[in-house]
Amino acid sequence: MDLIEESYNRLYPNKEFNHKTQIKYSGKFKPFNANVRYTSNKITLNLSKSWRNIDKEITIGLVQELLVKIFKIRTHTNNMDMYTSFIKNLHIVAPKTESHPLLESSFQRINDRHFSNILEQPNLKFGRRSFSKLGSYEYASDTVTISQALEHDLELIDYVMYHELLHKKHQFKTKNGRSLHHSTKFRQDENKFPNKDLMEKRLSRLRLKNSFRLF
């Protein structure tokens, strides 16, 4: 019995497993990323290589989260809780190897003004020059990435930095295979940023202005 079949049987003990399976480990994924494909009665699980040596019970939780998305049958297991807890705590042990002076200054300002200096500095880096995705927070590597499109506007960097650090603060919740990243508390904190509406308008103008340049 392979990992997929065992995960399925624990998830749906009263259902027969009649699927072909394939498990692949890839070095192209970011740490602890994974996805699943279901075609022609075959389940293909693609995992980051970082999953190779992780406790089996935690990995089963990951697979179950993915299977719930495929089969859309609402259920929950202790393994899924173990997986969620594991991902939420990865930031504690994630190596802090990346930083940038501009982003570090932004982090320090935002941490001081809005988080009472309680947040540990994550990895900080500029990503590609994107106007559609201006920032992101990656839980597994504890990394805030800011688009290079903002590198000459410190106010917008601070605003996007604040949003991404809220992800670090609030983490996420999972239910029925779906992850909720913008909870009510997240939205409440998001609205506390000074001149939030003005910042959103500036970001919208930036996107609109550069969308015309792309065509």
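The alpha carbon gyration tensor of segment 54-118 gives principal lengths a ≥ b ≥ c with a/c of 1.5 or higher and a/b greater than b/c, which makes the shape prolate.
Annotation: lysines with alpha-carbon distance below 17 angstrom to Lys192 (same-chain offsets under eight excluded): Lys168, Lys169, Lys201.
Full extension of the segment from Glu200 to Thr97, taken as 0.36 nm per residue of separation minus the current Cα-Cα distance, would add 34.0 nm.
Within segment 106-138, the trypsin sites (Lys or Arg not before Pro) that combine a DSSP coil assignment with at most 13 other C-beta atoms in a 10 angstrom radius are Arg128, Arg129, Lys133. Hey, for a label at Ala140 modelled as a point 7 Å past Cα toward Cβ, could you say which residues of segment 69-84 have their backbone N under 15 Å away? What the label zone holds, given the 15 Å backbone N cut-off, is 83-84.
Give the calculated FRET efficiency between Ile54 and Lys28 to the nearest 0.05, with a Förster radius of 22 Å applied to their Cβ-Cβ distance. Before the final figure, lay out each step's value.
On the way: r = 18 Å, r/R0 = 0.83.
E between Ile54 and Lys28, to the nearest 0.05, is 0.75.
Taking the helices alone, the chain has a mean residue ellipticity at 222 nm of -14500 deg cm²/dmol, built from -39,500 (n - 2.57) per DSSP H run of at least 4 residues and averaged over all its residues. Taking the empirical scaling 2.2 N^0.38 Å for compact globular proteins as reference, the chain has a Cα radius of gyration ratio of 1.18.
Listed values for segment 87-101 are Karplus-derived 3J(HN,Hα) couplings in whole Hz (6.51 cos²θ - 1.76 cosθ + 1.60, θ = phi - 60°), namely 5, 5, 9, 4, 4, 5, 9, 5, x, 9, 10, 10, 7, 8, x, and x replaces Gly and Pro. Listed by chain and number, the lysines whose alpha-carbon sits under 26 Å from that of Lys42, ignoring those within fewer than 8 places in the same chain, are Lys15, Lys20, Lys24, Lys28, Lys30, Lys56, Lys69, Lys72, Lys175.
Largest first, the residues Phe86, Phe115 sort by 1.4 Å accessible area into Phe86, Phe115.
The values are calculated or read from the model by the stated rules, or taken from the named source; none is laboratory data. Bear in mind the structure is a predicted one, so any value in this text is a computation, not a measurement. With ideal geometry, Cβ positions are generated from the backbone for all residues, glycine too; neighbour counts draw on all protein chains shown. To get the accessible areas, we keep the full protein, side chains included, count just its heavy atoms, and leave off ligands, DNA and RNA. Shrake-Rupley method; radii C 1.70, N 1.55, O 1.52, S 1.80 Å.
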